[in-house]
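J.: One structure, pasted below without further comment.
Bear in mind that the values in this text are calculations on the coordinates, not laboratory data. These figures come from a predicted structure and were not determined experimentally. Ideal geometry is used to build each Cβ from the backbone, glycine not excepted, and the neighbour counts take in all protein chains shown.
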Amino acid sequence: MKLAEVFALVVPEDRGVGFRAYDGSASGPPDASVVLDVRAPRAVEFVAASPSQLGLARAYVTGDLEIIGDPYEAMMRLYPPVKPHFSLAEKARLVRQFLPSALKRPAPPAQERKLNGSRHSKGRDADAIHHHYDVSNQFYRWVLG
């Protein structure tokens, strides 16, 4: 099963999102204003291991997934996700094809901050805030203009 076939099962064409993959497959409307371009197998591993916005974000940050068009528009069109109704044969085929990717669990991208401590403890939350917001004025000039 090509990746575009799976995408077409999960994301209806009326969402207006195009799809291209490294395996040569494509789906979605030809005039889509946003296109997901899966460039490497690791993108599939990220999404299979974390089938949510986190998996997509990890694939995007590493460059294994390119979003052509407005990324915010892409997320709005992809979410909330559609709960597909797969036949038993489709489920078996998907499990055979993607279970190895889901079990592989690629390491988070280097850009992702690894936090220590208990979730939502004062120290861990302070570290997260420091990582995200204590950046140079130059950074804010780049981002805000």
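J.: Could you identify which residue out of 100, 71, 80 has the top mean-square fluctuation in a GNM of the chain using Cα springs shorter than 10 Å?
T.: 80
J.: Moving on. Starting from the alpha-carbon convex hull of segment 3-104, give the projected area averaged over all orientations, in nm².
T.: 6.1 nm²
J.: Let me ask something additional. Between residue 66 and residue 139, what length comes free when the chain is fully extended (0.36 nm per residue of separation minus the Cα-Cα distance, one decimal in nm)? Let's see the in-between values first.
T.: Working: separation 73, 0.36 × 73 = 26.28 nm, distance 2.33 nm.
So the extension gain works out to 24.0 nm.
J.: Hey, got a sec? Which trypsin sites (Lys or Arg not before Pro) in segment 100-145 land in a DSSP loop and have at most 12 other Cβ atoms within 10 Å? Don't jump to the answer; show the numbers that get you there.
T.: Values: sites: 104, 113, 114, 119, 122, 124, 141; in loops: 113, 114, 119.
In loop regions of segment 100-145 (DSSP not H, G, I, E or B), the sparsely surrounded trypsin sites (Lys or Arg not before Pro) are 113, 114, 119.
J.: In a Gaussian network model over the chain where Cα atoms closer than 10 Å are linked, find which of 34, 95, 47 has the largest mean-square fluctuation.
T.: Judging by the Gaussian network model, the answer is 95.
J.: Using Cα pairs under 8 angstrom and six or more residues apart, how large is the relative contact order of the chain, in percent? If you can, show how the numbers build up before the last one.
T.: Values: 176 pairs, mean separation 28.8, N = 145.
Computed over the chain, the figure is 20 percent.
J.: Then there is this: Using Cα springs under 10 Å in a Gaussian network model of the chain, which residue among 57, 128, 49 shows the largest mean-square fluctuation?
T.: With Cα springs under 10 Å in the chain, the top fluctuation among 57, 128, 49 is at 128.
J.: Moving on. Nearest 5 is fine: what % of DSSP beta bridges in the chain come out antiparallel, could you say? It would help to have the intermediate numbers written out before the result.
T.: Details: 6 of 11 bridges.
Counting DSSP beta bridges with both partners in the chain, the antiparallel share is about 55 percent.
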